[in-house]
Amino acid sequence: MEAALGTLLRETLVEGCDRHADRPVRRAYRLVLLGAPGVGKGTQAELLKERFRACHLSTGDIFRSARHKLAEDLSPGMATAIEFMHRGELVPDDIVVRVVAECTEQLTCPYGFLLDGFPRTVAQAEALKGILARHALKLDAVLDYELPREQVLRRISGRRLCSKCGISYHMESRRPKVSGFCDNCDAPVIQRDDDREEAVRVRLETYAKRTAPLIDFYRREGLLVTVQCGETPDVTFARSLEGLAKLTGA
Ligand code: AMP
């Protein structure tokens, strides 16, 4: 698995921060973003990345990009991960933890990092502590994005993305100008495999059962910042910054 994973990480990961940026950042934040699928974590990750210049590490993006590889180029671990993802189930902890542990460059980024979609189980959260301790690092905060279930379902069922350039659309709030085709590159606009109704049901149940316990886990660690979503991304972003400032005193 090691070699294939290394290649995958080099190829797809995860736009690292701009280490040569001249814009100073007041402090580095090492953050976990929690929240059910569809709450808008990805959008918040983009805004936070822009603000802090931190490295954004999305385990979902890593597994999705592995799907475009030929079967013979995939390590057994990645092939297993893709099967789980296709069903909307969680990839086994040992595979995910190995993927994240390999992301040394992102985890040690001097501008901090945003973990998006990891950890998703208490076992992963414990493993993350160990990985960070090996680099003498700690989390600064865990942002928990909350949105009522009906709104989550509406957001996910309308979500689409361009099959070529990956730009995202929404059938209610951000339709492509020509129905079914990307504004940017004219390629077909599609629904993510794991946004299909059956997979979404499984993902939400899995979130409630396996990931929601992390809210208490991180509350006990004194790291939890709860952020109510449901308004515009900018409002949610302002709430995120406010919550972070309150928790960290920065
Ligand atoms: P996401 O884009 O974060 O919703 O992730 C898409 C899919 O990738 C999930 O439904 C899981 O199948 C898999 N996945 C991503 N991150 C993890 C994780 N930390 N643990 C287990 N499975 C994951």
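Between 38, 77, 222, which gets the highest mean-square fluctuation from a Gaussian network model of the chain, Cα cutoff 10 Å? Of 38, 77, 222, the Gaussian network model singles out 222 as fluctuating most. The DSSP beta bridges internal to the chain are antiparallel in roughly 30% of cases.
If you restrict to DSSP beta bridges whose two residues both lie in region 47-180, what percentage is antiparallel, to the nearest 5? Write down the numbers at each step before the final one.
Values: 4 of 8 bridges.
Approximately 50 percent, going by the DSSP bridge assignments.
Phi angles of region 31-41 translate, via the Karplus equation with coefficients 6.51, -1.76, 1.60 and θ = phi - 60°, into HN-Hα couplings of 10, 10, 9, 10, x, 4, x, x, 6, x, 4 Hz per residue; Gly and Pro are given as x.
At a 1.4 Å probe radius, carbon and sulfur cover how many percent of the accessible area of region 117-250? Before the final figure, lay out each step's value.
Numbers: 3830 of 7530 Å².
Carbon and sulfur atoms account for 51 percent of the accessible area of region 117-250.
Quick one: plug the Kirkwood hydrodynamic radius of region 170-232 (C-alpha pairs) into Stokes-Einstein at 25 °C, 0.890 mPa s, and report D in µm²/s. Answer from the Stokes-Einstein relation: 162 µm²/s.
At 1.4 Å probe size, with every protein chain present, just tell me what the per residue accessible area of region 24-145 comes to in Å². Show your work: numbers first, answer last.
Values: 4900 Å² over 122 residues.
Spelled out: the 1.4 Å probe surface of region 24-145, per residue, equals 40 Å².
Under a model in which nothing but the beta-carbon of Lys, Arg (+1) and Asp, Glu (-1) is charged, region 129-250 shows a dipole of about 260 debye around its Cα centre.
Toward the positive end of the charge dipole of region 168-210, about the Cα centre and with charges on Cβ (Lys, Arg +1; Asp, Glu -1), which of 170, 189, 208 goes farthest? My answer, from the dipole projection, is 208.
Residue 215 contributes about 30 Å² of solvent-accessible surface, heavy atoms of the protein only, 1.4 Å probe. May I ask for the distance between the Cα centers of region 138-169 and region 194-250, given as a whole number of Å? Value for the Cα centre distance between the two parts: 11 Å. Using bins of 5 Å that start at zero, the share of Cα-Cα pairs per bin across region 56-137 amounts to 3, 14, 26, 24, 17, 10, 5, 1, in whole %. The HN-Hα couplings worked out from phi for region 50-67 by the Karplus form 6.51 cos²θ - 1.76 cosθ + 1.60 (θ = phi - 60°) are 4, 5, 9, 6, 6, 7, 9, 10, 10, 5, x, 4, 4, 5, 4, 5, 5, 5 Hz, whole numbers, x standing for Gly and Pro. For the chain, which span is the longest to avoid every loop-located (per DSSP) member of trypsin sites (Lys or Arg not before Pro) having at most 12 other Cβ atoms inside 10 Å? Formally, the longest exposed-site-free interval is 28-137. Dividing the Cα radius of gyration of the chain by its Kirkwood radius returns 0.94 for Rg/Rh.
Each residue was assigned an accessible area with a 1.4 Å probe, and for residue 179 the value is about 90 Å².
Sites listed here are GluC sites (Glu not before Pro) in region 123-222 whose DSSP assignment is loop and whose Cβ has at most 12 other Cβ atoms within 10 Å: 172. For region 135-196, treating each Cα as an identical point scatterer without solvent, what Debye log10 I(q)/I(0) comes out at q = 0.14, 0.18, 0.22, 0.25 1/Å? For region 135-196, the Cα-only Debye profile gives -0.53, -0.69, -0.84, -0.99.
The values are calculated or read from the model by the stated rules, or taken from the named source; none is laboratory data. Fair warning: this is a prediction, and the values are worked out from it, not measured in the lab. So basically every Cβ, Gly included, is an ideal-geometry build from the backbone, and we count neighbours across all protein chains shown. For accessibility, only protein heavy atoms count, side chains too; no ligands or nucleic acids. Shrake-Rupley method; radii C 1.70, N 1.55, O 1.52, S 1.80 Å.
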